[in-house]
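This report concerns only the one structure given below.
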Amino acid sequence: MVTLDVSGILYAAATILIQEDRRLSVEFRDGEIRIKFPTTRRLAQYLDVPHYYVLPYFSTMEDEHLIRREERVGISTTTAGTALFFSMLDDRLKASAEDLLGRETFEALGLRVRTCSEKPRESEAAETPR
């Protein structure tokens, strides 16, 4: 069973998307790279826990700017969340993701995520005292 914490939730989401659904929806928007997440109910079902057990972790991930929840749209990662999503893939999930996306696309996406996650967002740069 997957550990019930932020990294466990991310790993479960990756497993659902890459190995079960065999579909990874990536969106490039407003300088961010987002991955569409499974629903909280789907994650709870996969983790074999009641739905309300996973909700606090989503609040934590939102507070840490790893995900974004949008009403009637769903949950997606932020660029920081996408970078964490890719960094925690183990060999088995990497191989499945490369099989799903193709090696070149997988590597290009990983490079793009690293590049974007290293740049401070304009809103963060504006908040930084000079």
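The values are calculated or read from the model by the stated rules, or taken from the named source; none is laboratory data. This structure is a prediction, so every number in the text was calculated from the model and none was measured. Cβ placement follows ideal geometry from the backbone for every residue including glycine, while neighbour counts extend to all protein chains displayed.
Among the residues of the stretch 65-104, how many are closer than 18 Å to ARG29 by Cα and surrounded by fewer than 17 Cβ atoms within 10 Å (Cβ to Cβ)?
So the answer is 7.
Which one of these does SER7 not meet: (1) at pLDDT 95 or above; (2) over 20 Å from CYS116 (Cβ atoms)?
Going through the list (1) at pLDDT 95 or above; (2) over 20 Å from CYS116 (Cβ atoms), SER7 breaks only (1).
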